[in-house]
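No value in this document is a laboratory result; all are computed from the given coordinates. Note that this is a predicted model, so its numbers are computed, not measured. Cβ: placed from backbone, ideal geometry, glycine included. Neighbour counts: every protein chain shown.
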Amino acid sequence: MVGAAYPIAMAGVYKMADRAASSHPPAAESGAPPPPPRVQVLLPLPLAGAYDYRVPAEIPVQPGDFVLVPLGRRHEIGVVWDPPPDGSEAIDAARLKDIEHRFDVATLADVARRFVDWVASYTLSPPGAVLRMAMSVSAVFEAPPRPVVAYRRAGESVPEGVKLTPQRRRVLKLAASGPPLPATDLAREAGVGTGVVRALAEAGMLVPVALQTDVLPIQPDGAKPGPALSADQEAAADELRARVAARAYSAILLDGVTGSGKTEVYFEAIAAALRQGCQALVLLPEIALTVAWLDRFAARFGAMPAEWHSELSSKRRRQTWRDVAAGSAKVVVGARSALFLPYPDLGLIVVDEEHDAAFKQEDGVIYHARDMAVVRAHLGQVPIVLSSATPSLESVVNADSGRYRRLHLPARHGGASLPEIAAIDLRRDRPPRQRWLSPTLRQALSDTLAQGEQAMLFLNRRGYAPLTLCRACGHRLQCPSCSAWLVEHRLVGRLQCHHCGYATRLPEKCPACGAEGEMAACGPGVERLSEEVAELFPQARASVMASDTITGPRAAAEFVRAVEAHELDIVIGTQIVAKGHHFPMLTLVGVVDGDLGLAGGDLRAAERSFQLLYQVAGRAGRADRPGRVLIQTADPDHAVMRALIAGDRDGFLAAEAEQRRRAGMPPFGRLAALIVSSADASHADATARALARTAPRMEGVEVLGPAPAPLSLLRGRHRRRLLMKARRGIDVQGLLRDWLARVPLAGDIRVQVDVDPYSFM
Ligand code: ADP
Ligand code: ZN
C-alpha cells in the first residue's frame, strides 16, 4: 500500500480484509449524483486546520472515519472531518492527494468531533493538537493481535512410530488434565523445552486450539444493589437517577462534607447509566487515588471499570481505547485525558473532587478538564455530576445562580462527627530551633499514639529541604535552567529542580565562594520532618507519602492498605494524602505549615488553601473515634484560618465571592494569560512589548503587563507574562485571535495562551 517511510505509528498497519462486510454505504448509488469526491481530513498535528483529500471510489468514507493520507513525504493517520465548505475550490483538483486507506476501527462519533472543535476554539489550540488527545494511542491502528494457539491432548492413542519419552509423557499428562495451554506454558509446567511440545503437535498427539485473546471481561452490574442509603443520600440518588434516565444535559453540584457518602450516591447514578446500557465516565484528579476507588467500585458493581491514565501499559491503553470506541467499556475512570476518549454512547459524566487544581492541564493544549467536561456533557446532552466537599467558587456561583442544581449531603455517614479544628499560634507555641513541630502538636501526637490511634502530619513540600545555602557567603543553590531553588532529596542523595527535572549531587564546596562543608539545608520537607518524628517517637512506625516516594497507583494502594491495616502509626505526607482516603483509626491531623499555600498570593491562593486544609482535616475521625485537627500558623487571624476553625465554609466562600465580584475577577470576570518565551531574554522582551502595544483597547477589557513571570526562566527559556482581564460576555477568544494575528512571531519565540489561567507562575 504505502512506501517505506512510515511515521512511527504506522508499523504493522493492516488493510481491511473485506470491504463488503463494512457498514459503510457504497460510494454512489446508480442514478444519484456521485457524492463530492473530496473531504477534509483532520490530522493529529499542530496544523492550522483540516486538509482536503480526494476520496477514491474504492474507499468510501464518512465523517469520523480514521484514514491514512499522504502528507508531504510522510503518511499520517487522521480523521475524516466535515465536507469542505461550499465554494472552497481553492486547492485545484489536480493537486489533491488521495486517501490511501480506511482503518477498521469504530468511527469517531459526531459529538466527539464537535467537542474537539469546541475545545480547540476555546483554548485557541490547533484542532489537530486536540484531536491528538483523542487518538492518543497510535497502536490502536496496528493489526489486531494474533490469536494465541494453545494445545490439548488429541486422544489416548499413540500413533505408529511415535516414541514416548518421559518428557513427552509429562507433557501429555498435563495437556490431558488441565485447560489448553500455549506451548511455552505447557513446556514450562512440564519442565521441558518447547521443542518437545511442537514435536507432539506435529505427531498429532496435541491439537491446537485458538485462544480468544480479548475476551470481554465481566461487566459491572447495574442491577446489583448498593448499600441502604440514608434519607439525604436517597433523595440525592433519586434525583441523579432521574437525570440519567432523562438523557438530557444538566449539571449537578453534589456538595457534601467529607465522608458523607458522595461516592455512594454517584455510584447510584452510574448504576442507572449501566441499566440504561450507556457509558459512564468518572474523572479523578489524582491517579494515586485510583486503586482505592477501583476496589470500591469492584465491590459495588462486581467487576472492574476500564482505567485510563498515563501509567497504563501501551497494550492496556490500546485495548481500552478500542473497548471504549466499540462501546463495550461501560464505565471508564481516569485522569483528565479520559475526557477525550471516543465514546460512542456516553450517558453520564462524574467529576470527583471537582475543585482540584490537578484538573487543569498546564502544557500542550491548556485546558481545564472540569470545565471541558461540562462542555462535553452539554454537547452530548447528558448529565454531569460535580462532586466535592469544598466546591470551587466557580461551581458554587453556578449553583447559586441556578445554572447548576445543588444536591446537599450535610452529615457524615453513620453519625461520625466532623473533626474539631484548632490553630496553633507559632509565634507563641514555638518549635525548637531547626525543628518544626510545636510543643502542643508534639503533645497531641504523643497522646494519640498512647491511645493506640493513628496520626497524620501534613506538609506540602516534597524532599528534605526546599533550599540549600552556603553558611559562609549566603549563596543559594539554583537550577541552571529555571529561576527556582534546587530541592534536596536526601533519600536519593540528590538536589532536584521540581520544574525541569534537573538533578545533581550536593556539592561539598560552595560553587560561589569555595568554602568547604558549609552547605546547609534550609526549611523542612517531608523527609526532614520524618527525621524529627523518628527522633521524638523512636518506637512509632512512621512513613512518608509523597508523589516521589509513592510512584504509581499500585504503590499508593499498598501504602493505603498499610495505613488501613494499622501497620503505620504516623503518616507524613504532601497533598496526595489529603484526598479521598478513609482511615478509620486516624484521629489526629497536624498541619505543619498552614500558611504555605497562602504565600504565593495569587487569585485563588485563599480558596485553594482553604480547600486543601479542609480536605486534609477531613481525613481525621472518619469512623467512630472523633478526630481533631491542629493547624500550625503564624497568622491565626487570617480569613482562611478563621473559617476553618469556625467550620464556616459557606461564610468563607461568600466573602471570597464578594471580593472577586468587586475586583471583576473570575468567575465574575474573565482572564486570559499570554506567556511569551524565548531562549533569548531580549527577544522575549521585544515580543512582549509588541504585544502590549497592540493589545485590544476597548471598554471592559484591560491588559496588564508585560512583566517577567515569577518563573522568569524555565527550562532555559525566558518568560514574560501579559494578562487580559475582560468583563463577562466579552468574546475573549475573538479578541485574542485578532490580537495574536497582529504580532509576527520570529525565531524561537513562543506565545502560550492560557484561557482561564489557574497558575500565575
Ligand atoms: P465521600 O465521598 O462523601 O467522602 P464516601 O462515599 O467515601 O463519602 O463515604 C464515606 C464512608 O462511609 C465510606 O466508607 C462509605 O462506604 C461509607 N458509607 C457512606 N454511605 C453509606 C451507606 N449508605 N451505607 C454504608 N456505608 C456508607
Ligand atoms: Zn529547572
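Over the chain, what is the relative contact order in whole percent, taking alpha-carbon pairs under 8 Å and six or more residues apart?
Working: 1490 pairs, mean separation 78.3, N = 761.
Averaging sequence separation for qualifying contacts and normalising by length gives 10 percent for the chain.
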Around Val676: net Lys/Arg minus Asp/Glu count, Cβ-Cβ under 9 Å:
+3
Of the options Leu586, Cys500, Ala540, report the single residue whose Cα projects farthest towards the positive end of the charge dipole of segment 456-615 (beta-carbon charges: Lys, Arg +1; Asp, Glu -1).
Cys500
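Cβ under 15 Å from Pro63's Cβ, Pro63 left aside: what net charge do those residues give with Lys, Arg +1 and Asp, Glu -1? Could the numbers behind the result be given before it?
On the way: positive: Arg38, Arg102, Arg113, Arg114; negative: Asp52, Asp65, Asp82, Asp110, Asp117.
Neighbourhood net charge equals -1.
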Signed unit charges on C-beta, dipole axis of the chain, positive-most listed residue Gln279, Gly514, Ser438
Gly514
Honestly segment 518-568 on the Cα gyration tensor test (a ≥ b ≥ c root eigenvalues; a/c under 1.5 rounded, otherwise a/b vs b/c for prolate or oblate) is just oblate
Surface/4 estimate of mean projected area, convex hull on alpha-carbon atoms of segment 163-205, nm²:
2.6 nm²
A student applying the Cα gyration tensor rule (rounded when a/c is under 1.5; otherwise prolate if a/b is larger than b/c, oblate if not) would label segment 217-329 prolate
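Mean projection of the alpha-carbon convex hull of segment 461-565 over all orientations, in nm²? Intermediate results must be reported in sequence, preceding the final value.
Values: hull surface 31.1 nm².
Average of the hull's projected areas for segment 461-565 equals 7.8 nm².
List Glu234, Glu518 from most exposed to least, where exposure is judged by having the fewest other Cβ atoms within 10 Å. If you can, show how the numbers build up before the last one.
Working: Glu234 13, Glu518 16.
Fewest-to-most Cβ neighbours within 10 Å comes out as Glu234, Glu518.
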For segment 609-761: rounded, prolate or oblate by the Cα gyration tensor [a/c cutoff 1.5]
prolate
What is the Cα convex hull volume of segment 279-347 when expressed per residue in Å³?
80 Å³
Let me know the Rg and Dmax you get for segment 273-315 when you use only its Cα atoms, in Å.
11.5, 31
Give the share of C-alpha pairs in each 5 angstrom bin for segment 118-241, from 0 to the last occupied bin, in whole percents, shortest bins first.
2, 8, 13, 10, 7, 6, 7, 9, 8, 7, 7, 6, 5, 3, 1, 0
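Using only C-alpha positions, report the orientation-averaged shadow area of the convex hull of segment 464-523, nm², one decimal. Display every interim value, and only then the final one.
Numbers: hull surface 14.8 nm².
If you wrap the Cα atoms of segment 464-523 in a convex hull and average its projections, you get 3.7 nm².
What's the magnitude of the charge dipole for the chain around its Cα centre, counting Lys and Arg as +1 and Asp and Glu as -1 at the beta-carbon? Answer in Debye, nearest 20.
Details: 89 positive and 83 negative charges, 232 e Å.
Dipole of the chain, to the nearest 20 debye: 1120 debye.
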Among Gly618, Pro46, Cys470, which residue has its Cα furthest toward the positive end of the charge dipole of the chain, with +1 on Lys/Arg Cβ and -1 on Asp/Glu Cβ?
Cys470
Asp345's amide H: which non-local residues (gap 5+, or another chain) put their own amide H closer than 5 Å, with H modeled 1.01 Å from N in plane and none for Pro or chain starts?
Gln279
In straight Cα distance, which lysines are under 21 Å from Lys173, not counting same-chain residues fewer than 8 positions off?
Lys163
Charge sum, other residues only, whose C-beta stays under 11 Å from Phe458's C-beta, Lys/Arg counted +1 and Asp/Glu -1:
+1
Too-long pairs where the Cα-Cα distance tops 23 Å, listed order kept, from Lys262/Lys579; Lys262/Lys330; Lys360/Lys579; Lys330/Lys579; Lys360/Lys725:
Lys330/Lys579
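Which value, in debye to the nearest 20, describes the size of the charge dipole of segment 485-614 about its Cα centre when Lys and Arg Cβ atoms bear +1, Asp and Glu Cβ atoms bear -1, and nothing else is charged? Each step should come with its number before you reach the end.
Working: 11 positive and 17 negative charges, 85 e Å.
Magnitude of the dipole: close to 400 debye.
Under the √(5λ) rule applied to the eigenvalues of the Cα gyration tensor, what semi-axes describe the equivalent ellipsoid of segment 668-755? Give them in Å, descending.
Values: eigenvalues 105, 35, 20 Å².
Result for segment 668-755: semi-axes of 23, 13, 10 Å.
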Take the Cα gyration tensor of the chain, multiply each eigenvalue by 5, square-root it, and list the three semi-axes largest first, rounded to whole angstrom.
47, 38, 29
For segment 330-341, 3J(HN,Hα) per residue [Karplus equation, 6.51 cos²θ - 1.76 cosθ + 1.60, θ = phi - 60°, Hz, x = Gly/Pro]:
7, 10, 10, 10, x, 7, 3, 5, 5, 5, 9, 5
